[in-house]
Amino acid sequence: MAEFQKIPMKTPLVEMDGDEMTRVIWKMIKEILLLPYIDLNTEYYDLGLENRDKTNDQVTVDSAMATKKYGVAVKCATITPNAARMDEYHLKEMWKSPNGTIRAILDGTVFRTPILVRGITPFIPGWRKPITIARHAYGDVYKNVEAQVPAGAKTELLVTKADGTEEKYLIHQFDGPGIIQGLHNTDKSIESFARSCFNFALDMKQDLWFATKDTISKKYDHRFKDIFQDIFDRDYAGKFKEAGIEYFYTLIDDAVARVIRSEGGFIWACKNYDGDVMSDMVATAFGSLAMMTSVLVAPDGTCEYEAAHGTVQRHYYKYLKGETTSTNSVATLFAWTGALRKRGELDGNEALMTFAGKLEAATLSTIESGVMTGDLASMSTLPEIKKVDTEGFLRAVDEKLREML
């Protein structure tokens, strides 16, 4: 489109590149759908596993600090290494989750919402509206300390107060070998989580559910419950009543049952690990992990957009062999559009915001016309389906986008 005037960007957004097949898709999205239309302005950080190892993971910290500086980031999926990855990539150490590192620095809440399209029917027949998972983005298992314990060991939880006094709590007396894990969170982060959820519910005009396991975790999980209730009663009860929406707390066991029986259309707030698992469950039940938006909203309004799935390792190995892949790029594409829209909103760049909306519309229109990748083709109820490869789908989206522009 030689006649198209490229959209300028005044302020950069932070670009965090990633790993494996999603890294390949990342490059394709930029070349096919972004660079021809936008004078793309990004501050680039390579969060590929090799570069994280090379920089002793400092690049991850740097990318998070840049996000705090510029206010908006877009992140590709990345590998969190296990023992097998240690050998495969010859790593210095088993680096922590980059998402966990970034979230610990930014704090806030991750909001994940399924992307609904005509022709993809949820596995739960009653779900007619999207269910948004609000996931706490700090602490718990993602900032844990853990160890293997030998037989005969006594493990204790030691709290040393500011005045030097100590309190000890017996964890377990081990007859045989075992394992221990220490978790933490902070009142400040939980308060930010609560306010983010309440504000998001008011913006969306949707009911907010919150669930933990406070019957078992009578101090840890109960603290979450109490903080949410205190903030709601003090600052949000009247606003929720005026908006005609509801907040309630329930055990996570009950929440799971109620979610399955619901029609959707609400926000489900979860602790960090619960939100990780339940967002995957919700996305899969709606159709695909690759059909979900994910944005981390920090207390100061900083936003980091990402795909809520892995690096598609199996497809990447096929790609390296020169075999054709049909990988769904929608979540990665919507991470870009979300970040571009937010950058446009902060900069007053209407053209950039409009472009982001049209690119999303072109993506959904492509799928609803019957052109889609293999994961969606296998479950679509559309009468005519054309399965395309990874690049072919992005080219088809580009055709729709050109029509809209």
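The values are calculated or read from the model by the stated rules, or taken from the named source; none is laboratory data. Note that the structure is a prediction, hence the values are computed from the model and not measured. Counting neighbours? That spans all protein chains shown, and the Cβs are built from the backbone with ideal geometry, glycine included.
A few notes on this one:
- Residue that is surrounded by the most Cβ atoms within 10 Å (Cβ to Cβ) [pool: residues in the stretch 240-275 that are among the β-branched types (Val, Ile, Thr), under 24 Å from the mean Cα position of the chain (by Cα) and outside any helix (DSSP H, G or I)]: ILE267
- Check on PHE174, among the aromatic types (Phe, Trp, Tyr), assigned by TED's automatic domain parsing to the domain that holds PHE248 and either modelled with pLDDT under 95 or more than 30 Å from CYS303 (Cβ to Cβ) (or both): no
- For the stretch 56-73, the condition holds for at least one residue, the condition being that it is out of contact with any Cys (no Cβ under 7 Å at 6 or more places or on another chain), within 30 Å of GLN5 (Cβ to Cβ), among the small types (Gly, Ala, Ser) and crowded, with 21+ Cβ neighbours inside 10 Å.
- Looking at the stretch 126-219, the strands (runs of 3 or more DSSP E) lying wholly inside it that each contain 2 or more residues that are of a type outside the set (Gly, Ala, Ser) and in contact (Cβ under 8 Å) with a residue 24 or more places away in the chain sit at 132-136, 145-149, 154-160, 178-182, 208-212.
- Members of the stretch 20-30 found to be touching a helix residue (DSSP H, G or I) at 6+ places or on another chain (Cβ under 9 Å) and not aromatic (Phe, Trp, Tyr), listed by number: GLU20, MET21, THR22, ARG23, VAL24, ILE25, MET28, ILE29, LYS30
- Test result for LEU13, closer than 20 Å to GLY301 by Cα, under 19 Å from the mean Cα position of the chain (by Cα), surrounded by 15 or more Cβ atoms within 10 Å (Cβ to Cβ) and not acidic (Asp, Glu): yes
- Odd one out for TYR169 among (1) in contact with a Leu (Cβ under 7 Å, 6 or more places away or on another chain); (2) surrounded by 10 or more Cβ atoms within 10 Å (Cβ to Cβ): (2)
- Residue ID - nearest to the chain's Cα centre (by Cα), chosen from residues in the stretch 361-393 that are surrounded by 21 or more Cβ atoms within 10 Å (Cβ to Cβ) and closer than 16 Å to ILE29 by Cα: THR363
- Evaluation of MET21 against (1) surrounded by 21 or more Cβ atoms within 10 Å (Cβ to Cβ); (2) over 18 Å from THR80 (Cβ atoms); (3) not aromatic (Phe, Trp, Tyr) (one fails), failing number: (2)
- Filter result for THR325 (touching a residue at least 24 places away in the same chain (Cβ under 8 Å) and more than 19 Å from the chain's Cα centre (by Cα)): yes
- Residues (among the hydrophobic types (A, V, I, L, M, F, W, C), at pLDDT 90 or above and surrounded by 17 or more Cβ atoms within 10 Å (Cβ to Cβ)) located in the stretch 121-148: ILE124, TRP127, ILE131, ILE133, ALA134
- Filtered by the rule that a residue be more than 16 Å from ARG195 (Cα to Cα), out of contact with any Asp or Glu (no Cβ under 8 Å at 6 or more places or on another chain) and not aromatic (Phe, Trp, Tyr), the stretch 210-242 gives THR215, ILE216, SER217, LYS218, LYS219, LYS241, GLU242.
- Residue among GLU3, GLU31 that alone is at pLDDT below 95 and either surrounded by 20 or more Cβ atoms within 10 Å (Cβ to Cβ) or under 25 Å from GLU391 (Cβ atoms) (or both): GLU3
One line per residue, one yes/no per condition, for (1) in a helix (DSSP H, G or I); (2) farther than 15 Å from LEU116 by Cα:
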{"position": "ASN328", "(1), (2)": "no, no"}
{"position": "ALA331", "(1), (2)": "yes, no"}
{"position": "GLY344", "(1), (2)": "yes, yes"}
{"position": "LEU352", "(1), (2)": "yes, yes"}
{"position": "PHE355", "(1), (2)": "yes, yes"}
{"position": "LYS358", "(1), (2)": "yes, yes"}
{"position": "LEU376", "(1), (2)": "yes, no"}
{"position": "PRO383", "(1), (2)": "no, yes"}
{"position": "GLY392", "(1), (2)": "yes, yes"}
